[in-house]
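So the structure is just underneath, and the comments pick up after that.
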Amino acid sequence: MTIEYAILGLLSWKPFSGYDLKKIISESAIYYWSGNNNQIYKTLLQLHQDGWVSQQVINQQFLPARKVYSITPSGNEALQKWLKSLPDLPEFRSVFLIKLEWAELLNDSELDDLLEVYLQELKDGLVIRQEENRREIKTGRSPRETYLWQKIAKKTISVFEDEIEWVEQMRIDLKTIRENQ
C-alpha cells in the first residue's frame, strides 16, 4: 500500500488540509508511515500534479492561508482501480523474531528478561491501540463502512492480544524445558 492511496481514501471521505491528514496518519495504528510533513506534502503535491486532487486556498485572519484538498473524479477512479487490485499478504518481518532466532546465545535469565520486556511493550501497545480505536475517526457514511472500520479496530487489537498470548505461552514452555533438563 502506498501513502498516495491512503490519502486518496481519506479525501474520498471529505476534504482535508495537509495538517489534518498528517494528524490522522500519525495517530492511526493502520497507517505505517511516519506522517511527517515532508511525506504528506510531497505526496499531496504529486497527487495535485497528477490531477488526482484539487486544492482550495482558504485565507484565515491572523493565520497563514490553509490549503484544503479534495479528491477529483480521476483521483477517485485511481482509488477504485487500486481497491480492486490484489491485496498484499501479511508481512512477518520482525526484529524480535530475528532476535529469537539467535536467543540460544543468551542465558535463561537474559532470555526471560528479553521476553518480559517485549511482553510489557506489547501490553503497553495494547492499551494505546485500545485508546486509539476508541477515539478513531468514525465516518458513518454507511452501515457497511461503520462495520468495516469496527472490524479494522478489532484486528489491530487482536494482533496485540495474540502476540501477548504467544509470548506468555513461550515463557511457560521455556520454563518447562528448563525444569526438564
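Read-outs throughout are calculated quantities, based only on the coordinates presented, and are distinct from any laboratory measurement. Computed from a predicted structure; not experimentally measured. We place every Cβ from the backbone using ideal geometry, glycine too, and count neighbours over all the protein chains shown.
List the GluC sites (Glu not before Pro) in segment 37-129 that DSSP assigns to loop (not H, G, I, E or B) and whose Cβ has at most 14 other Cβ atoms within 10 Å. Which are they? Display every interim value, and only then the final one.
Working: sites: GLU77, GLU91, GLU101, GLU104, GLU110, GLU116, GLU121; in loops: GLU91.
Those that pass, being in a loop and sparsely packed, are GLU91.
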Shape of segment 25-75 from its Cα gyration tensor (a ≥ b ≥ c, root eigenvalues): rounded if a/c is under 1.5, otherwise prolate when a/b > b/c, or oblate? oblate
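By count of other Cβ within 10 Å, fewest leading, how are ARG171, ARG134, ARG129 ordered? Don't jump to the answer; show the numbers that get you there.
Details: ARG171 15, ARG134 8, ARG129 19.
Least crowded to most crowded, the residues run ARG134, ARG171, ARG129.
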Given the options ILE157, ILE128, ILE25, state which has the largest fluctuation in a GNM of the chain using a 10 Å cut-off (strictly under) for Cα springs. ILE128
Listed values (1) 168; (2) 107; (3) 132, entry calculated as volume of the Cα convex hull per residue in Å³: (1)
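Give, rounded to the nearest 20 debye, the magnitude of the charge dipole that the chain has about its Cα centre when Lys and Arg contribute +1 at Cβ and Asp and Glu contribute -1 at Cβ.
Values: 23 positive and 27 negative charges, 312 e Å.
In debye, rounded to 20, the chain gives about 1500.
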Please give me the summed charge of the neighbours of ILE3: other residues whose Cβ is under 14 Å from its Cβ, Lys and Arg +1, Asp and Glu -1. 0
My understanding is that a pair violates if its Cα-Cα distance is over 24 Å; which of LYS14/LYS67; LYS23/LYS67; LYS67/LYS155; LYS42/LYS151; LYS84/LYS151 do that in this structure? LYS67/LYS155; LYS42/LYS151
Would you work out the relative contact order for the chain, in percent, from Cα pairs under 8 angstrom that are 6 or more residues apart? 19 percent
GNM flexibility winner over the chain from TRP52, TRP82, TRP102 (Cα, springs under 10 Å): TRP102
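For every helix of n ≥ 4 consecutive DSSP H residues, a contribution of -39,500 (n - 2.57) applies; sum these over the chain, divide by its total residues, and give [θ] at 222 nm rounded to the nearest 500 deg cm²/dmol.
-21500 deg cm²/dmol
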Which of ASN107, GLN39, ILE58, positive extreme of dipole for the chain (C-beta unit charges): ILE58
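Work through the residues other than GLY51 whose Cβ is under 14 Å from its Cβ and net out their charges, Lys, Arg +1 and Asp, Glu -1.
Working: positive: none; negative: GLU4, ASP50, GLU77.
Summing Lys and Arg as +1 and Asp and Glu as -1 gives -3.
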